[in-house]
Amino acid sequence: EEAADPEVPAVSRKMASISSPLRAIVRLRRRYFLQRKSRLHLELPWEKPVEVVHTRMLQRQLSRSRTGLYGPSMSFFDQRSFESSQYFTFDTSAEHHSMKKYRRKKSQRKSRMVLYPDKTKRYLPIEEKSKAKRCLFLLMAIMFFQILNAIENLDDNLQRYDLDGLEKTMHREVFGQKVAVDSIVELLKDYLATHVHNKPLVISLNGPTGVGKSHVGWLLAKHFRSVMNNDFVLQYFVMHHCPSGVAPLTCEIDLSKKISDMVTRAEIEEKTPLFILDEVELMSPVLLDTLSRFFEPNQTNEFLNAIYILISNIGGGEITKFVIQNESAELLHQHRGAEELLSIIQPVLSNVHPLWKSADIVPFVLLEKAHVLNCFLEQMRREGLYPDQKHIENLANQLSYYTTGDKQYSKMGCKQAKVSLL
């Protein structure tokens, strides 16, 4: 062919010379794998049918009978030995390979099997679930109901004492003391939200005379007498219950007995007693020591559930000076101004007696002239008089004032206004 086609290029002749041996190799490889596959699928002797076995046995017997004619050396092959003889084939490698592979698969299959006491149960045993998750859910449910119960009790206590109504009344009838009223109501709400406490509530109302401290005490006593029994509210006036001629020890015994009896009865009925102590600046050191023992936290539970309102003029001079000096800077209407005022009053009260260290101090500032006019109007309504605006202004002009800038602060507050009206 190379001589016949001289025009064929040398490259194509080279490719043809390479491809023909490759095709021959591929054909041989395919034939090899087909033969190998056929050998692997040979039947084993014990897997052959019975008819095939009998035919081969007959053929072997005939061949033995023929070989017996040629010599006695071959006569030892009898029927019994023939029946017990083993079959032999020249293709031992394929049979050995297939048997070995079959045994290997059988052993692997047996090793994967899981043996159980009862062979009918081929499924895995049921895993026992831990009870810790159930206990956790139960604990969460208990905590949820406890919190819900506490919130309901909190609402019940606040509704029992009607502190929202008290707040509205105090804002309506107390003039010029919005910050003080808000502080008092907030302290009462925090304390009366529950019946379990670690110390009694002590509120100290301090400020100059006539700014509304005693009026707030009177409103508190009136409100708590309406929501509770009169037996759980005590108004103690030092000038009345402990006059100057009585021995301090007698006053101390009397005040201790009144507080102990009221606290014991209130604990039985699960109520919080209210003690309003006015004119505290006139108390003797013996009475102050007695009160300080009731304010301590390390007492029995009934003495921890009590409210004490201390009313005094101690610190009034410092409050007046602070208001006059800081009125132009608008410091009185800021949170920083209230903190500075408390930092001035607390050392003064602590020097008088250590009991004020455990008290929440609420300062009352001076009243402006507009607040004094409101005091006149409210007092005339209570007395049933016709509110004459001109007459009220004339009475207000007769009072004494501290003048700072464009504002005037009354020196005697509403107390002098009531005297002038009478």
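Assorted remarks:
- The number of residues in segment 309-368 being modelled with pLDDT of 90 or more, open to solvent by 70 Å² or more (accessible area, probe 1.4 Å) and out of contact with any helix residue (DSSP H, G or I) (no Cβ under 9 Å at 6 or more places or on another chain) comes to 1.
- Wholly enclosed strands (runs of 3 or more DSSP E) of segment 205-321 bearing at least 1 residues closer than 21 Å to GLN346 by Cα: 274-278, 307-312
- Qualifying residues in segment 273-294 (those that are farther than 11 Å from ILE259 by Cβ and not aliphatic (A, V, I, L, M)) - the one farthest from the chain's Cα centre (by Cα): SER284
- Output for segment 182-223, where each listed residue is closer than 21 Å to GLY317 by Cα and aliphatic (A, V, I, L, M): ILE203, LEU205, VAL211, VAL216
- One residue alone among LEU249, LEU274, LEU287 is open to solvent by less than 10 Å² (accessible area, probe 1.4 Å) and farther than 22 Å from LEU188 by Cβ, and that residue is LEU287.
- Qualifying helices (runs of 4 or more DSSP H) (wholly inside segment 350-422; at least 2 residues being among the small types (Gly, Ala, Ser) and farther than 20 Å from VAL323 by Cα): 413-421
- Of all residues in segment 396-408, those that are at pLDDT 85 or above have Cβ atoms under 6 Å from Cβ atoms of residues that are of a type in the set (A, V, I, L, M) and surrounded by 10 or more Cβ atoms within 10 Å (Cβ to Cβ), 6 or more apart or on another chain, in TYR402/ILE324.
- Residue ranges of helices (runs of 4 or more DSSP H) in segment 108-192 with at least 1 members within 30 Å of PHE376 (Cβ to Cβ) and modelled with pLDDT of 65 or more: 163-173, 178-192
- Hey, GLU279 open to solvent by 60 Å² or more (accessible area, probe 1.4 Å) and either modelled with pLDDT under 90 or touching a strand residue (DSSP E or B) at 6+ places or on another chain (Cβ under 7 Å) (or both) or not: no
- Residue within segment 258-269 that is surrounded by 13 or more Cβ atoms within 10 Å (Cβ to Cβ), over 15 Å from ALA359 (Cα atoms), charged (D, E, K, R) and more than 43 Å from the chain's Cα centre (by Cα) present: no
Yes/no matrix, rows are residues, columns are (1) aliphatic (A, V, I, L, M); (2) within 30 Å of LEU288 (Cβ to Cβ):
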position	(1), (2)
PRO354	no, yes
ASP360	no, yes
VAL372	yes, no
GLN379	no, no
GLY384	no, no
ASN394	no, no
GLN398	no, no
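The values are calculated or read from the model by the stated rules, or taken from the named source; none is laboratory data. If you're wondering where the values come from, they're calculated on a predicted model, not measured in any experiment. Cβ atoms come from the backbone with ideal geometry, glycine included; neighbour counts cover every protein chain shown. Ligands, DNA and RNA are stripped out before the accessible areas are found, and what is left, the full protein with its side chains, is counted by its heavy atoms. Shrake-Rupley method; radii C 1.70, N 1.55, O 1.52, S 1.80 Å.
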